[in-house]
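Here the structure comes first, spelled out in structure tokens, and everything after it is commentary.
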Amino acid sequence: MGGGEEVIELSIDDTNALRAKLGLKPLRGVNGGGSATSAAAARASSNGAGEELSLSVSESNDLRSRLGLPPLRVSDATTESGRKASEAVHAPATNAGEDRAARTRVEDARARRDVEAGIGRLAATAAGLGDDDDADAGVDGGDGAGAAGWAAKMR
């Protein structure tokens, strides 16, 4: 400390009051003996970097009422599925890549099935055309041409 600086000694309560007037947070982890704040409020106000706060619901509601905030809702009501809200079960995330691959496999199988059904219908139609004429005119279509006779009829 240099030559012209004046040293002022303040109690923790006075320091916190001065810090509050200046818009600063109160000292962390310090609970003044005559302070009106409870231990829970001191723990809640000390939220520096890396610290984790742990307050019960009643302590949180007490602190929220001092700050002018509405209290937290506390209900033990069960949801539609019969579970409490605290026992909620969330569905796992879906894998879009696997969904796309499955959709592609289904579409490929459907297309393959349609092609095979079309080939079967075409084969049945071709066999049916040849069988009707063969019953009446013999095996070769009656004119001795076979497939050429059938093609000539179709013209």
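Quick notes on this structure:
- MET154/ALA109 FRET efficiency (R0 35 Å; Cβ-Cβ; nearest 0.05): 0.50
- A crude spin-label estimate for the pair ARG73 and ALA93, with each label 7 Å from Cα along the Cβ direction, gives 2.9 nm.
- Segment ARG28-VAL7, extension gain: residue separation times 0.36 nm, minus the distance between their alpha carbons: 5.3 nm
We did not get these values from a lab; they are worked out from the coordinates using the rules stated. Note that the structure is predicted; figures quoted are calculated from it, not measured. Positions of Cβ are backbone-derived with ideal geometry, glycine not excepted, and every protein chain shown enters the neighbour counts.
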